[in-house]
Amino acid sequence: MSRQQTQRLAVILITAVAVLVFIPVLLVIFYLIASGIGAINWEFLTAMPRNGMKEGGIMPAILGTLILTFGTAIVSMPVSILAAIYLAEYAKDNRLTRTIRMAIVNLAGIPSIVYGLFGLGAFVLAAGFGTSILAGALTLGIMTMPVVISTAEEAINAVPQQFRTVSQSLGATKWQTIRHQVLPHALPGILTGMILGLSRAAGETAPILFTVAAFYVPTLPSSVFDQTMALPYHLYVISTQVPGMPLSIQYGTALVLLMITLTLTLLATGVRTSVRRRRDW
Amino acid sequence: MQNKIEVSDFNFYYGNFQALIDLNIPIHAQQITALIGPSGCGKSTFLRCLNRMNDTIAGTRAEGKVLLDGEDIYAPHVDVVALRQRIGMVFQRPNPFPQSIYDNVAYGPRVLGMARHGSLDQMVQNSLKDASLWDEVRHRLKDSALELNPGQQQRLCIARTIAVQPEVILMDEPCSALDPVATLRVEDLMRQLVSNYTIVIVTHNMQQAARASDWTGFFWLGRLVEFGRTETIFSSPKQELTEAYITGRRG
């Protein structure tokens, strides 16, 4: 085979493999839409479940997931952003910094079920929050921190050094420089990381299994100390624990969950692209 | 004539490398002092020592004295942030913030809390006028600074620097990214500004030093070889090395 033929073959192979990556995503999305779209109507999205969850809607699960995602943001965002600022702007290369970085890497590698058990031990039992939205949001918040810290730190580091130099040469303090030059320019990147972290939190089952998720509650939560239903756990329950559950409801629930996480991911991508287009440095 | 800055027995190190050796330089008030010399001779390093911008680089060390109005800026109690307001800096490449023209100039007064109600507009206007940019941008203050051409951007950076009302302006090869016309405009601007400010400029451009400065210092390998009146340095340098450099035979 000539060099040109090898070259052509290589390009074809590489392209084919790249396309292969795309196929599972499309299959999942189209299969879920095809099987689940029939179940989705206004009642499905807005009503309480009825008749052992075999009829009615999944509103409490949708609402629960939204509440948990919001709670996760409240827990994770301040700590993660401050930690990222510390690591990017203040941390010296010493033992403390290396320890923090190692902790973050390790946090990122912990399986989600372990977070669930940690949440059970730390927040549900030791802290006495019980199985509650508070315990669940704290658990999910800690789980998302490594992702958010890493992307936020990256975004902060991507702000050109000269902005800092100029700002300080004008007599701004280091904190003013961070507050008025670094953070505004890093914000879109930080947001992207935040949203990606949240989309993962929204779809996780294991961390909420022991900390917040309810099999079925007839009423909506009224405080952070209440349990709530949540989409991922609800999906698990209706697929495995309830005999005679109509398939359309199962697929419909999966479709709603996918749409929520997909929306978050697309939102993150959108923020990133729009900023890249605007950026001039 | 009073010296705005008096540098005595000054040494500066990057780690173990000594970048500046036994410098003694007077910077005269309300005059333009040009620092010339080949790349790597330490003139930019020296410039950044005058407002302690080198402090931000890890592993650097300074010895000796830099007196600003008689007070050592390397004394332990000195507030570096306050010092940098008194000694402003213009950089090699025009580097406006990716914000509006107005916000660029207003940045310093804002973070320093200089702007009392209503006066910020006036401060921005005065700074832009002093940087002879006002007439070109008065109707587009809200436009992005990045839409200006490089020469305008550099004058904007000068306006941003003088907005915090410094006493000294350090310029690190401010024209190296500009075309000849824009370069001349910046030089004219320097001649105007020097009635109110003390200016120190690092330049690779011999003609620029000869045209625009009152005093010239020639650096070579971290040492100050010769310092004197610009016309003297360029017409009858005392050191052979200086003559060789300015006539282009060494460098």
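Every number here is computed from the coordinates shown, using simple stated rules; none is lab data. On a predicted model such as this, the values are computed, not experimentally measured, just so you know. Positions of Cβ are backbone-derived with ideal geometry, glycine not excepted, and every protein chain shown enters the neighbour counts.
Here is how the numbers come out for the structure above:
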| read-out | value |
| --- | --- |
| Geometric extent, Cα atoms of the protein assembly as shown - Rg, Dmax (angstrom) | 31.8, 104 |
| Relative contact order of segment B:39-138, defined on C-alpha pairs under 8 angstrom at six or more residues apart (%) | 16 percent |
| Percent breakdown of C-alpha pair distances by 5 Å bin, ordered from the shortest bin, for segment B:32-146 | 2, 9, 15, 18, 16, 14, 13, 8, 3, 0 |
| Convex hull of segment A:19-70 built on C-alpha atoms - directionally averaged projected area, nm² | 5.1 nm² |
| Residue of B:THR183, B:THR198, B:THR216 that the Gaussian network model of chain B assigns the largest fluctuation, springs spanning Cα pairs under 10 Å | B:THR183 |
| Which of A:LYS174, B:LYS4 has the fewest Cβ neighbours within 10 Å, and the rest in rising order | A:LYS174, B:LYS4 |
| Rounded tilt (10° steps) of A:95-109 against the dominant C-alpha axis of chain A | 30 degrees |
| Karplus 3J(HN,Hα) series, Hz, for segment A:219-235 with 6.51 cos²θ - 1.76 cosθ + 1.60 (x for Gly, Pro) | 10, 7, x, 10, 8, 6, 8, 8, 6, 8, 7, 8, 4, x, 5, 4, 4 |
| Solution diffusion estimate, µm²/s, Stokes-Einstein, segment A:72-276, Kirkwood Rh from C-alpha pairs, 10 °C, viscosity 1.306 mPa s | 85 µm²/s |
| Convex hull of chain B built on C-alpha atoms - directionally averaged projected area, nm² | 13.7 nm² |
| Least to most buried among A:MET229, B:MET123 (fewest other Cβ within 10 Å first) | B:MET123, A:MET229 |
| Spatially proximal aspartates and glutamates relative to B:LYS238 (Cα-Cα < 13 Å; intrachain offsets below 8 disregarded) | B:GLU226 |
| Note, ³J(HN,Hα) from phi for segment A:202-213, Karplus 6.51, -1.76, 1.60, rounded to Hz, x at Gly and Pro | 5, x, 7, 9, 4, x, 9, 3, 9, 9, 8, 5 |
| Likely footprinting exposure, B:ASP79, B:ASP55, fewest C-beta neighbours within 10 Å first | B:ASP79, B:ASP55 |
| Net length gained if the chain between A:LEU9 and A:THR273 were fully extended (0.36 nm per residue, minus Cα distance) | 91.8 nm |
| Contact order normalised by residue count of chain A, Cα under 8 Å, 6+ apart, percent | 26 percent |
| Nearest 10 degrees, 0 to 90: helix B:150-162 Cα axis against chain B principal axis | 90 degrees |
